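Before any comments, here is the structure.
Derivation of every value follows stated rules applied to the coordinates shown; laboratory data play no part. Since we're looking at a predicted model, the values are computed, not measured. Virtual Cβ from ideal backbone geometry, glycine too; neighbours counted across all protein chains shown.
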Amino acid sequence: MSTTTASPARVHSSPTRIPVRDSSSITSRSNGTVTAAVAAKRAAWASSRNRAAARFGPLGMLPRSDGLVSDDSSLGDAVRPAHGGTVPRVRGRRSQPFRSVWWCLIAVAPITAACATMRSETVGSLDPLVPAATSTPSTVEVVGDLLSPTRTTLVASLDPDVLTDISMTSIPTDVIVPTSGSSLDEQTNPINGRRGGRRPLDEEFACLPGTPSTCLARTLDMLGFDVTSGSSTGLNRRVQRATAVVQLDAGLEMTGAADDELFRYLGIDDEARSRPDETRQIGTSSNDRPIMAMRYGDGPKTVLVVGETHGDEEAGRRVVLRALSLALPDGITLWVIPTMNPDGNELDTRWLPNGADPNRQAPIEREQQAVYDFALAVQPSLAVWYHQNYGWVGGSGASIQPAKMYQEMTGLGTLKRSGDCARGFMWCPIDLALGSSSILVELPDVVTPAQVQIHATALLTVASD
């Protein structure tokens, strides 16, 4: 089942430094710079975007002589999240459609039922600073109830104000619940607050073949939107508002109506934008949920991306989803682990089922061991780990240059060393064993569509460098 498709050519240019494009309205940005090569790559990808077949802060920071900022607490016993307060440590290719479970495993990893047949097609602009077109339809044909288990396409009627306050740079608090004192829980969510009420169980919103509407609600929940926790009478509206945000993530027209384009982006319809070249179960969680890895491309440079480590830090999965909808750069093999903590994601909690932190004392726990063994098997030269919500970028391992490049492209906070490896952060034993480099991306608490697009572009650029 191995076929190939052309990928955008890599662009090389002189190392002349140019200023970062100003985007202070999108996120708080530092005065970083990017190389002309990076800018040329982005321009080349943007021009080829519509013709390519795409398959797929902190406390205690001291200045350093190497230009970094170090955390003298080494991510210690007490750190301050972006929301404030001190808390304890505690690609792809053309092929005939085939039936797979890959997106269930990306967006809703605990689900083991098959989701969709897949092909890929590039849509929209790559430039993360160009907002998608938006419109508010005055009327939309009602073709069925939101949770109909028999429809493969869903268009729901929209309230006139369903898109209110949603934009490339704004997500209302009823769509993604921001972290606050009332959403924090020392036992379950000590750093990232709960994104609403209890998430539905597998059987309550099953993600089964031919039922993208029920799959949609669950998928949105697993991506960090507050969809299923409220009353049933408001469910349609909550799904529509979350759908609007994902449409902006994807570079689609924002309508709030869950249509074929949305289902293709999410991979829960008969044709998906992207699909992996290989899907591999690398282990099981403590509660016997699969831990999955997907491969995109077959280039000489191997890069590993972990979208989620702590189960209540979901925004990295939105970044990964956007990146997988773009043209894969030439010359890389991209391995994606959507979540290494499917149990925590299911329960919207930071921890593993036994109360252990999945990012401490690695690789003792079975989830940690699965990722560690897999990394040693595929031997990435670079690993990217997405977390929330401190708002900075960390580098570790053989070189901090990949992290520096990522931070300059995104303008996310400051560049730091990624903590004290004596604490057993997941990247430490992998970097030590392989001589590899790692990037820790601490995304902000609420990640806007503009930020999703910026980070997805940065991920692919750094991966191909």
Report task. Excluding Arg241 itself, calculate the net charge of residues whose Cβ lies under 11 Å from the Cβ of Arg241, where each Lys or Arg counts +1 and each Asp or Glu counts -1. Result -> -3
Report summary line: Once Gln187 and Asp330 are pulled to full extension, the length gained, defined as 0.36 nm per residue separation minus their Cα-Cα distance, is 47.0 nm
Report task. Place the peptides 347-355, 288-296 in order of packing, highest mean first, counting for every residue the other Cβ atoms within 10 Å and averaging per peptide. Result -> 288-296, 347-355
**Report entry** Highest-first arrangement of 431-438, 328-335, where packing means the average Cβ count within 10 Å
**Finding:** 328-335, 431-438
Report summary line: Here the tail fraction of P(r) beyond 17 Å, over all Cα-Cα pairs of region 299-443, rounds in percent to 59 percent
Query raised in the report: Quick one: if you stick a label point 7 Å off each Cα along the C-beta vector at Ser399 and Glu278, how many nm between them?
Result: 2.5 nm
Report summary line: With 0.36 nm assigned to each residue of separation and the Cα-Cα distance removed, Ser180 to Gln361 gains 62.3 nm
Query raised in the report: Tell me, Val162, Val306 in order of fewest to most beta-carbon neighbours within 10 Å?
Result: Val162, Val306
Report task. Using the number of other C-beta atoms within 10 angstrom as an exposure proxy, rank Ser232, Ser285 with the fewest first. Result -> Ser232, Ser285
Requested in this report: Report the residues of region 231-261 in range of a label on Asp161: point 7 Å along Cα→C-beta, backbone N strictly under 16 Å from it.
Outcome: 234, 237-238, 241
